[in-house]
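Data first, discussion second: the structure below is written as structure tokens.
The values are calculated or read from the model by the stated rules, or taken from the named source; none is laboratory data. Because the structure is predicted, anything quoted here is derived from the model rather than measured. Cβ placement follows ideal geometry from the backbone for every residue including glycine, while neighbour counts extend to all protein chains displayed.
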Amino acid sequence: MSTMHPQRRLSSQKMSQMQAEGPLGLTMVASAVTTSPTLAINEAVAKQRAEGQEIIHLGFGEASFPLHPLLQTALSEAAKHTAYAPVLGIAELRKAIADYLTRTRQLACLPEQIAVGPGSKPLLYALLQVLEGDLLLPVPSWVSYAPQAKLAGRNVIGVETDSADCHRITPQKLTMALDCARNSGANPRILLVNTPSNPTGSMFTYDDAEAIALWAREKGITLISDEIYAELAHGWREHISPACFYPEGTIITGGLSKAFSAGGWRLGYAMMPPTEQGLHVITALRSLGSEIWSSASTPIQKAAVVAFSPNTELEDYVRRSARIHGYVASWLYEVFVGLDIPCPRPAGAFYLYPDFSPWRQALLKQGVTTSEELALYLLNKWNIATLPGSAFGEKPEVLHLRLSTSMLYTPDGVAGDERKAILWDLLAHAEQLPSQYQADGPQLTLPALDRVQKRFTEVITFLTSIQI
Ligand code: PLP
């Protein structure tokens, strides 16, 4: 008798018939949503590595320095707190975050303005559920914003930016998108921005932040400012929140994931404006959170109080992490400059957003016409994992890729305590590094970087050789 699982024997036609008639049918929403491309590339890389292939993994963005011992101790001590927490967060944490934002962003922030949740991602989704109107979204933007907005039933209106202008968001571009959307019957009321940016690594200048904020105020648009990478500014450009120029209309989101390399802790916050409307939004978030996640984990919240309270050791750890991210991102940026690959200069986070359009003709000969095909080509022919620009809202034929540089700090295959020791050693040497890589400055010995340089040089040499 066959041991095959019975379902495997069903034809796909029969399967879809059963789906329509039988149990476990899916809604239109479920079928419209796919796994986030970031997670999908990670799975593809794991599979190729398991087959013995050596992959340069630039596809997954995760801050992965070892947890600081102060936070580890705080969490161990908090393990005994097993009760549910208030939906908007425990009082000590809301106060610690409010004080932290007052200290670091020059904003007068009160605990009542803070909502804590299981990561900033669900808070962003909740905001898109409770705020009125359609969403203006710069192109390129982080992979999850548009799917979240669509899940919340919103139209997403792309705000086009110029690659040659490092994807700056300007009032002119915003007005064009707004007018166009209104003419086609949409009702844009929200603008979502992100500085430092995933995918470009760029940061708003003071003037950019002011211009965007004043534009939103003039048009009566709610501004959501995702500042999850604020602490990871590399040091040559200061982080400026647009909320400084439009406090009554801006909501800031952030969390522990990037600055403290603690994505798995799932702890984020949203800061509402200090107004009556801000209070209404936080009340709506509370209702929504109460029906979905109840509260962020209580022990994690207790430990997060330590993370957001003044502490020179932790501040030093975060600053050093930012320096390493800056060193590696700007190192690879210089490689791209040397290879004539256009790319915005990274100022924060751990991303690069190079443009491969100068090799369009050569890529065409390889059957590559879209960023998705380019990412697949690099993965399959050159063993380089990246994410296509299309995942960030670009038109398919725009040949940008998003590269994450945070997986290049340790050699492949090194794990556990050995990996931690390498990362602690890097952090110990971080203070001597400049805020951007300098060829004649102090250097870190990172074998992965040489490998990446060699591989991209081979790719570009090959493409140049077949270009018309
Ligand atoms: N915003 C951006 C731009 C991100 O890149 C990420 C995570 O990758 C998040 C938000 C989500 O962060 P959290 O871990 O707080 O949910």
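Table for the structure above
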{"read-out": "Residues of region 172-222 that turn out to be under 30 Å from S330 (Cβ atoms), crowded, with 16+ Cβ neighbours inside 10 Å and not hydrophobic (A, V, I, L, M, F, W, C), as a count", "value": "12"}
{"read-out": "Check on A270, surrounded by 23 or more Cβ atoms within 10 Å (Cβ to Cβ) and either part of a helix (DSSP H, G or I) or at positive phi (or both)", "value": "no"}
{"read-out": "Single unsatisfied condition, I240 versus (1) under 23 Å from G61 (Cα atoms); (2) assigned to a helix (DSSP H, G or I); (3) free of Cβ contacts under 8 Å to residues at least 60 places away in the same chain", "value": "(2)"}
{"read-out": "Some residue of region 228-251 being aliphatic (A, V, I, L, M), under 18 Å from Q129 (Cβ atoms), buried (at least 24 other Cβ atoms within 10 Å of the Cβ) and within 16 Å of the ligand (Cβ to nearest atom)", "value": "yes"}
{"read-out": "Criterion (surrounded by fewer than 18 Cβ atoms within 10 Å (Cβ to Cβ) and in contact (Cβ under 8 Å) with a residue 40 or more places away in the chain) met by exactly one of E313, E276, E291", "value": "E313"}
{"read-out": "Residue in region 167-175 that is of a type in the set (K, R), under 19 Å from the mean Cα position of the chain (by Cα) and more than 16 Å from the ligand (Cβ to nearest atom) present", "value": "yes"}
{"read-out": "Given (1) within 21 Å of L403 (Cα to Cα); (2) away from the ligand (no atom under 16 Å from the Cβ), index of the condition V139 fails", "value": "(2)"}
{"read-out": "Conditions (1) modelled with pLDDT of 95 or more; (2) farther than 30 Å from D425 by Cα; (3) not hydrophobic (A, V, I, L, M, F, W, C): number failed by Q72", "value": "(2)"}
{"read-out": "Members of region 443-464 that are in contact (Cβ under 8 Å) with a residue 12 or more places away in the chain and polar (S, T, N, Q)", "value": "Q453, T457, T464"}
{"read-out": "Positions within region 453-468 being hydrophobic (A, V, I, L, M, F, W, C) and either under 16 Å from P354 (Cβ atoms) or in a helix (DSSP H, G or I) (or both), in sequence order", "value": "F456, V459, I460, F462, L463, I466"}
{"read-out": "Residue that is farthest from P171 (Cα to Cα), among those in region 213-226 that are over 20 Å from the mean Cα position of the chain (by Cα) and aliphatic (A, V, I, L, M)", "value": "I221"}
{"read-out": "Failed item in (1) out of contact with any Asp or Glu (no Cβ under 6 Å at 6 or more places or on another chain); (2) under 26 Å from T445 (Cβ atoms), with S309 passing the rest", "value": "(2)"}
{"read-out": "Candidate set from region 18-33 (those that are without any contact (Cβ under 8 Å) to a residue 60 or more places away in the chain and within 22 Å of K121 (Cβ to Cβ)); member that is farthest from the chain's Cα centre (by Cα)", "value": "T27"}
{"read-out": "Unmet criterion (only one of (1) away from the ligand (no atom under 16 Å from the Cβ); (2) in contact with a strand residue (DSSP E or B) (Cβ under 8 Å, 6 or more places away or on another chain); (3) under 22 Å from L387 (Cα atoms)) for T200", "value": "(1)"}
{"read-out": "Residue within region 248-263 that is under 28 Å from P411 (Cα atoms), within 23 Å of the chain's Cα centre (by Cα) and assigned to a helix (DSSP H, G or I) present", "value": "yes"}
{"read-out": "Where a residue in region 250-266 is closer than 16 Å to L427 by Cα and its partner, wherever it lies, is among the aromatic types (F, W, Y) and part of a loop (DSSP other than H, G, I, E, B), with Cβ under 9 Å and at least six apart", "value": "K258/Y229; K258/F350; A259/Y229; F260/F65; S261/F65"}
{"read-out": "Contacts under 7 angstrom Cβ, first residue in region 415-434 being outside any loop (DSSP other than H, G, I, E, B), partner surrounded by fewer than 16 Cβ atoms within 10 Å (Cβ to Cβ), 6 or more apart", "value": "I422/V414; Q432/P442"}
{"read-out": "Every residue from region 144-155 that is at negative phi and surrounded by fewer than 21 Cβ atoms within 10 Å (Cβ to Cβ)", "value": "S144, A146, P147, K150, L151, A152, N155"}
{"read-out": "Which listed residue is within 19 Å of the chain's Cα centre (by Cα), of a type in the set (K, R) and outside any helix (DSSP H, G or I), from R345, R323", "value": "R345"}
{"read-out": "Unique match (being within 29 Å of T312 (Cα to Cα), out of contact with any His (no Cβ under 7 Å at 6 or more places or on another chain) and among the basic types (K, R)) among R168, R105, R182", "value": "R105"}
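Here's the yes/no breakdown for (1) surrounded by fewer than 16 Cβ atoms within 10 Å (Cβ to Cβ); (2) within 15 Å of the ligand (Cβ to nearest atom); (3) closer than 18 Å to G255 by Cβ; (4) in contact (Cβ under 8 Å) with a residue 12 or more places away in the chain:
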site	(1), (2), (3), (4)
G61	no, yes, yes, yes
E77	yes, no, no, yes
Y84	yes, no, no, yes
A98	no, no, yes, yes
L124	no, yes, yes, yes
